[in-house]
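Participant: Encoded as structure tokens, here's the structure I'll be asking about.
The values are calculated or read from the model by the stated rules, or taken from the named source; none is laboratory data. Predicted, not measured: the structure shown is a model, and the values here were computed from it. Please note: Cβ atoms are built from the backbone with ideal geometry, for glycine as well, and neighbour counts cover all protein chains shown.
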Amino acid sequence: MSLATESILKALADNAAGSFGDAKSLPPPIYHDSPILQLEIDRLFRKDWICIGRLAEMPNPGDYICRNIVDSPVFVVRQKDRTVNAFANVCVHRAAQLLAGEGHVSRISCPYHSWTYELDGQLIGAPFMNETSGFDVGDYRLKRLACDTWEGFVYVSLDPQPAPVAPALAELTALVGNYRMGDYVPVFEQTETWDTNWKCLVENFMDSYHIHRVHKDSFGKYGHYEDLTQLFPGGDAFSYHFVQETEERKSFHAHPDNSWLTGDNRDRTYLVNIFPAHVIQLQPDLLWYLSILPDGVDKVSIRWGVSIPAEILDSAQDRQDVIDEEMALIHRVNSEDRPIVENVFQATRSPDAVQGPLSRLERNLWDFGRYLARNLCS
């Protein structure tokens with residue numbers, strides 16, 4: 001390990017070891033150091049749970065979603081018994097990628113030589129292989145990967161024996177379980193690439209400090225949120241804060257037909273980072289999530305989706321109008337975030353970039369840094 005990388009890790013560890021009152025931002029070179037990225041790949045993205053999508057985005061047997069977890073292509077597919085399995089997206093014959101994007105199949109057929117698999121990964125057909133001595137389709141199946149679900153989200157881990165998701169998120173479940181976000185109806189999903197480091201985007205999503213400036217023409221139209229935002233110490237698996245609306249504003253709130261959310265939760269938005277890189281904005285009337293993966297030090301692959309509670313869509317005079325209105329806001333927010341996140345990434349290259357002090361509205365960034373330190377500095 002180079003002296004430069006060791007210096008970055010020492011700065012990361014020192015910052016995490018102090019108190020939040022003395023906290024600073026991450027050391028700027030951490031966003032550009034290739035050995036740091038390799039550590040993140042080996043210790044985070046090959047070990048932790050990675051969000052692939054939502055169960056509601058793949059409702060029927062044969063529905064699938066693909067994603068590349070760094071250099072490992074994977075897919076999740078709904079089984080005939082309605083469970084979901086995850087597999088390496090690699091044919092066991094000559095390693096062709098089997099599926100792309102998202103869609104529906106009745107069987108999985110290799111685009112190269114037509115080797116065909118059942119939804120459970122078992123090989124059932126291999127043209128012309130009857131001429132190969134001793135070949136039996138029953139001897140071959142796709143590599144199955146660890147797969148788990150939580151509150152309607154589907155996760156995959158490349159670790160052969162990861163700890164289950166639910167116990168690690170038990171405290172979070174107690175906070176947000178009553179929202180029933182697994183029942184929210186998907187209205188939009190997209191995968192795109194931004195020119196930034198993955199950590200810059202995670203931090204931005206969880207940063208309450210930039211709303212008043214960057215989002216003055218979107219979220220900021222409803223007023224300032226600083227006094228409505230409450231932040232909490234993060235845990236080993238996640239960090240969060242919430243925004244509590246007032247009786248006077250109610251820019252977001254539960255539908256009258258929603259009888260399961262009570263008290264403050266009817267007017268509360270949670271912002272959550274499930275480490276390393278699954279971020280969620282959960283409202284009584286909206287769910288917006290990003291699954292963030294590095295694509296080198298200078299690019300990030302983002303799969304993001306928006307869902308709306310069924311009771312809101314069902315009661316709308318025009319369902320599409322509701323969707324269009326929400327998506328116009330989200331697209332505006334993304335158009336505001338992307339240039340500043342790419343700006344920050346480029347600026348952290350400067351030798352004049354330093355670790356600046358954090359505001360109370362950046363508590364989640366420090367907790368994210370502590371997660372990184374726990375996993376990268378040992």
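Participant: May I ask you to say which residue of D236, D285, D321, D267 is of a type in the set (D, E) and touching a Phe, Trp or Tyr at 6+ places or on another chain (Cβ under 6 Å)?
Facilitator: D285
Participant: Additional query: Residues of the range 339-378 being over 24 Å from the mean Cα position of the chain (by Cα) and of a type in the set (D, E), which ones?
Facilitator: Once the filter is applied, which keeps residues that are over 24 Å from the mean Cα position of the chain (by Cα) and of a type in the set (D, E), the range 339-378 yields only D352.
Participant: Those residues that are on the phi < 0 side of the Ramachandran plot, aliphatic (A, V, I, L, M) and without any contact (Cβ under 8 Å) to a residue 40 or more places away in the chain, I need them from the range 42-97; list them, please.
Facilitator: Once the filter is applied, which keeps residues that are on the phi < 0 side of the Ramachandran plot, aliphatic (A, V, I, L, M) and without any contact (Cβ under 8 Å) to a residue 40 or more places away in the chain, the range 42-97 yields only A96.
Participant: Take the conditions under 14 Å from D285 (Cβ atoms), modelled with pLDDT of 95 or more and polar (S, T, N, Q) and apply them to S350. Does it pass?
Facilitator: Judged against the criteria, S350 is not a match.
Participant: May I pose another question? What are the pairs, 6+ residues apart or on separate chains, where a residue within the range 170-192 that is more than 18 Å from H253 (Cα to Cα) and at pLDDT 95 or above has its Cβ under 7 Å from a residue that is hydrophobic (A, V, I, L, M, F, W, C) and part of a strand (DSSP E or B)?
Facilitator: Listed pairs, sorted by first residue: L172/F238; L172/V272; V187/V306; V187/I308; F188/V306; Q190/W304; T191/I302; E192/I302.
Participant: If you take just the strands (runs of 3 or more DSSP E) that sit entirely in the range 162-276, which of them hold at least 1 residues that are among the basic types (K, R)?
Facilitator: 268-274
Participant: Could we say that P309 is surrounded by 17 or more Cβ atoms within 10 Å (Cβ to Cβ) and farther than 24 Å from F275 by Cα here?
Facilitator: Here the answer is yes, as P309 does meet what is asked.
Participant: Something else about it: Check L123, L99 and return the single one that is in a strand (DSSP E or B), of a type in the set (A, V, I, L, M, F, W, C), at pLDDT 95 or above and surrounded by 14 or more Cβ atoms within 10 Å (Cβ to Cβ).
Facilitator: L123
Participant: Only one of F252, F219, F275 is out of contact with any strand residue (DSSP E or B) (no Cβ under 8 Å at 6 or more places or on another chain), aromatic (F, W, Y) and crowded, with 16+ Cβ neighbours inside 10 Å. Can you tell me which?
Facilitator: After ruling out the rest, the residue left standing is F219.
Participant: In the range 320-378, which residues are polar (S, T, N, Q), under 30 Å from R43 (Cβ atoms) and outside any loop (DSSP other than H, G, I, E, B)?
Facilitator: N334, N343, Q346, N364, N375
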